[in-house]
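Derivation of every value follows stated rules applied to the coordinates shown; laboratory data play no part. Predicted model, so just to flag it, every value in this text is computed and none were measured. All Cβ positions, even for glycine, are placed from backbone atoms using ideal geometry, and neighbour counts span all protein chains on display.
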Amino acid sequence: SSVRTHKVAVIPGDGIGIEVTAAAIEVLKAVQDKVKGFELVFTEYNWGSALYKQTGSYTPKDWLDTLKGHDTIFFGAVGDPDVPDHISLWQLILPMRQHFQQYVNVRPSVVFKGIDPPTRCATAEGGELDWIMLRENTEGEYAGQGGRSHVGHEHEIATEVAVFTRIGIERFLRFAFETAQKRPRKLLTVVTKSNAQRYGLVLWDEVAQLVSKDYPDVKWDRILVDAMTVRMVAKPQTLDVIAATNLHADILSDLAAALSGSIGIAPSSNLDPTRKSPSLFEPVHGAAFDIMGKNLANPVAAVWSASEMLRWLGEETAADMLFNAMKASLAQGIKTADLGGTHKTTEVTKAICDLIKGM
Ligand code: NAI
Ligand code: MG
């Protein structure tokens, strides 16, 4: 038949990851019923902390090969109060980003209608905060290099080696310039810390300078990461596309999420722009131990991530519909507690599904 089929691996993971993934699948099914012409084939994998507690491992042995057979991966969150965070992160989410060379992590932030931004500067949509933060996603400070010696002794040593490669920086910054080029303002800000970090981040500056020559229509500037925090709060309207290292963008994107209303609405796409491997879509937030199992989690971050996944799969109409339904529900004041609302996870999800049905 002429129905386009997309194979989606679903990994709900832990905590509220399970709740918001259920919400995302529900709205994806609603939009698929409405738009027609394509079919999402979901395969769910119950990998996470429960499996770790049973077997000592977050995943079965051949898990990365299993995932390779899918077009995309939808992920909830990982983390458990009883498991050290570096174990859970390095057994589940970080290996996927590296193994599948998902070298760009795309994190948009917008202040939508219906959301009261927490600062005097960021005003509602049409206003001053509409960013795409791009995070280098495979190397830098999270390359995984380092070690510990003389463990437990007074002179114990730990190293955490940041690794920057010319190839890694260049492929990432090309994506950043291309992203800026497609936006109306054609504005890119490259964040580094090349005053203090004089090798890796000076290389970033040099590569940015070189790559920029291929994109003469993009207006770009550089800023040090500490000054960037101030600019994000005080002059949000001067920013559009932002590119930063793995660690810097991890931190700055949480700030961006807070400035746009809540971490509960922030989506992310972990992309392999070459499309050799599946890309992964997930909310920015984690397992949120303080609210898990209470139907309090904001599903918007996961729903927005699902919309981005549809766009990546080429289902533009469905992606727009999902995004617009999500925006409309916020504008109608259908909001969870993190946004000052009173609605539960399942109520927001149902409202978005109903809006889709009515479109
Ligand atoms: P977190 O993002 O889980 O929670 C931070 C705060 O934001 C909490 O107060 C939480 O209630 C709130 N929050 C987060 N998402 C929300 C949502 N959808 N709706 C309403 N409120 C929301 O970060 P935290 O507490 O630092 O980490 C908890 C666990 O999650 C840790 O094990 C951490 O390692 C893990 N984690 C996993 C990530 C991933 O899987 N990609 C990302 C970040 C953290
Ligand atoms: Mg983070």
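Of note:
- Taking a ≥ b ≥ c as the square roots of the eigenvalues of the alpha carbon gyration tensor, segment 171-240 is oblate, as a/c is not under 1.5 and a/b does not beat b/c.
- Among His70, His343, His155, the largest mean-square fluctuation in a Gaussian network model of the chain, built with springs joining Cα atoms closer than 10 Å, belongs to His155.
- Within the chain, percent of DSSP bridges classed antiparallel, to nearest 5: 45 percent
- Segment 174-223: chymotrypsin sites (Phe, Trp or Tyr not before Pro) in DSSP loop, at most 11 other beta carbons within 10 Å: Tyr199
- Taking Cβ atoms as reference points and 11 Å as the exclusive limit, the residues near Ala249 contribute a net charge of -2, counting Lys and Arg as +1 and Asp and Glu as -1.
- Residues Glu39 and Met359, FRET efficiency given R0 of 22 Å [Cβ-Cβ distance, rounded to 0.05]: 0.70
- Among the trypsin sites (Lys or Arg not before Pro) in segment 1-91, those located in a DSSP loop and surrounded by at most 12 other Cβ atoms within 10 Å of their own Cβ are Lys36, Lys61.
- The shape of segment 117-260 can be summarised by an equivalent ellipsoid whose semi-axes, obtained from the alpha carbon gyration tensor, come to 30, 20, 11 Å from longest to shortest.
- Of the cross-linked pairs Lys182/Lys327; Lys7/Lys182; Lys36/Lys186; Lys113/Lys344; Lys193/Lys335; Lys113/Lys186, those separated by over 30 Å at the C-alpha level are Lys36/Lys186; Lys193/Lys335.
- A simple spin-label model places the labels of Lys276 and Arg198 3.6 nm from each other, with each point 7 Å out along Cα-to-Cβ.
- Over segment 233-346, the hull volume per residue, using the convex hull of the C-alpha atoms, is 144 Å³.
- In the chain, helices alone account for a calculated mean residue ellipticity at 222 nm of -12000 deg cm²/dmol, with every DSSP H run of four or more residues adding -39,500 (n - 2.57).
- For segment 135-191, GluC sites (Glu not before Pro) are listed when DSSP marks them as loop and at most 10 other Cβ atoms sit within 10 Å of their Cβ; the list is Glu154, Glu156.
- Multiplying each eigenvalue of the alpha-carbon gyration tensor of the chain by 5 and taking the square root yields semi-axes of 30, 26, 21 Å, largest first, rounded to whole angstroms.
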